[in-house]
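Before any comments, here is the structure.
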Amino acid sequence: MVSRVQLPPEIQLAQRLAGNEQVTRDRAVRKLRKYIVARTQRAAGGFSHDELLKVWKGLFYCMWMQDKPLLQEELGRTISQLVHAFQTTEAQHLFLQTFWQTMNREWTGIDRLRLDKFYMLMRMVLNESFKAVKVRGWEDRQIEQLLELLTTEILHPNSQAPHGVKSHFIEIFLEELTKVGAEELTAEQNLKFVDPFCRVAARTKDSLVLHNITRGIFETIVEQAPFAIEDLMKELDAQSEEEEEEALDGDESLEGSEDTRDLPSQRGSEKLPAGSICRTEPEVGQEQWGDDRDGPVLQFDYGALANRLFEMASRQRTPSQNRKRLYKVIRKLQDLAGGVFPEDELPEKACRRLLEGRRKKKTKKRLPKARLQHKKGKGDQEDSSPDPSSGVQRAWPREQPRGRSRGGAGKRKRTPQQPSGARAEVAGVQEPQKKRKRILGSRK
């Protein structure tokens with residue numbers, strides 16, 4: 001009797017994760033989380049690279065088999081949060097590294113119907129990876145290790161990442177970083193997050209990658225500059241309000257009179273107007289963000305970012321088209337550092353008028369000659385048509401420059417007027433005879 005070979009637990013879990021039944025897959029995901037927690041708690045019980053590749057193979061096909069958008073979103077959130085089950089930073093980074101390697105390997109086999117849920121999974125994993133760094137207080141070493149991992153697996157020219165993975169990663173990077181760390185990250189830390197894109201944009205020979213980085217990272221920063229400055233002013237106003245309140249509280253504690261003791265309660269009970277600066281919380285039904293944003297945006301030192309980009313773009317190894325594209329971005333950043341916004345160069349009304357004038361010129365150029373002649377013909381016919389409101393009938397022109405008139409209308413001949421009695425007698429007989437005589441005379 002042949003003894004049954006015991007498979008490693010990673011392979012068993014991967015087989016169950018890729019099962020046909022949803023109940024089996026859900027149980028396997030729960031067991032996988034417990035297995036990760038139990039194994040990483042031991043000092044020598046970490047995962048190897050190959051073991052995590054097998055685990056991600058099962059998780060990939062677990063997502064592949066999942067239908068219905070809400071269930072896909074729930075499963076994607078559960079899978080992405082597995083990174084927090086690892087106890088050490090090295091194990092977390094190895095888990096993230098094997099995820100991106102799995103996506104690079106399997107990307108070409110994903111059909112268009114399943115593409116959206118894997119886009120969502122990439123977004124959620126990137127979000128949770130930022131949260132893992134946030135838990136450790138945005139340490140510089142943690143930031144550098146994460147950025148090195150992402151650069152090696154996705155952005156580097158020698159990486160195996162397809163264009164679809166690179167483009168989506170560049171598109172969602174600032175969005176997910178804003179969701180996680182916009183309220184805590186400083187301008188110096190944000191510059192560290194953007195630095196890999198500066199290096200890749202200066203080195204890459206792929207025009208698509210250069211375009212995506214320029215549009216998805218640098219121009220997005222330029223577009224969000226007014227919102228970032230607005231958020232900064234709000235923070236400064238809030239800090240000044242706190243300092244004033246602390247100063248007032250200190251003065252009130254020094255004074256012992258009852259009137260001054262009642263001042264804080266009076267100030268709290270008074271309702272300030274809606275446009276006052278001292279309001280720290282919005283009223284009920286009033287949105288905190290008056291614009292289309294969902295929250296604060298990332299803060300950047302535009303001068304420092306422009307200097308960093310100039311340093312990378314001015315090197316001899318930088319391709320000429322990269323240098324030309326980056327210099328345009330550098331000028332915009334330098335203008336922002338000097339307080340000049342791109343929106344102030346041309347007002348909205350003037351821009352709209354300019355666009356409308358261009359559109360009218362283009363339509364006139366594209367209008368064919370036949371349509372123009374048709375319009376002119378209509379205008380001539382309207383001018384020559386009689387006006388029914390006025391009792392006067394317009395006279396037709398006696399002579400025309402050409403033999404045939406427009407619209408096929410012949411020349412009208414005036415017949416001598418007859419008395420009404422004679423017209424009634426000869427109306428049916430004599431008129432056709434006259435016409436016949438004229439026709440015969442003309443033939444002779």
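The values are calculated or read from the model by the stated rules, or taken from the named source; none is laboratory data. Owing to the predicted nature of the structure, the values given are computational and were not obtained by experimental measurement. A quick note on method: Cβ atoms are made from the backbone with ideal geometry, for glycine too, and the neighbour counts reach across all protein chains shown. Note: areas computed on protein heavy atoms with side chains; ligands, DNA, RNA excluded. Shrake-Rupley method; radii C 1.70, N 1.55, O 1.52, S 1.80 Å.
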- Message: Among the residues of the stretch 47-66, are any open to solvent by 40 Å² or more (accessible area, probe 1.4 Å), farther than 26 Å from residue 119 by Cβ and either in contact with a helix residue (DSSP H, G or I) (Cβ under 8 Å, 6 or more places away or on another chain) or not in a loop (DSSP other than H, G, I, E, B) (or both)?
- Response: yes
- Within the stretch 70-84, restricting attention to residues that are more than 25 Å from the chain's Cα centre (by Cα) and either touching a residue at least 60 places away in the same chain (Cβ under 8 Å) or farther than 18 Å from residue 102 by Cα (or both), which residue is surrounded by the most Cβ atoms within 10 Å (Cβ to Cβ)? 84
- Query: For residue 213, all conditions in the list (1) β-branched (Val, Ile, Thr); (2) open to solvent by 10 Å² or more (accessible area, probe 1.4 Å); (3) at pLDDT 95 or above hold save one; what is the number of the exception?
  - Reply: (2)
- Failed condition for residue 56, given (1) farther than 23 Å from residue 163 by Cβ; (2) within 34 Å of the chain's Cα centre (by Cα): (1)
- Query: Only one residue in 94, 147, 177 is under 26 Å from the mean Cα position of the chain (by Cα), within 27 Å of residue 48 (Cα to Cα) and open to solvent by less than 50 Å² (accessible area, probe 1.4 Å), so which one is that?
  - Reply: 147
- Message: For the list (1) modelled with pLDDT of 95 or more; (2) open to solvent by less than 10 Å² (accessible area, probe 1.4 Å); (3) not acidic (Asp, Glu), I need the number of the one condition that residue 107 fails.
- Response: (2)
- Answer yes if at least one residue in the stretch 308-331 is modelled with pLDDT under 90 and in a helix (DSSP H, G or I), and no otherwise. no
- Taking residue 28, is it touching a residue at least 12 places away in the same chain (Cβ under 8 Å) and either over 19 Å from residue 128 (Cβ atoms) or in a helix (DSSP H, G or I) (or both)? yes
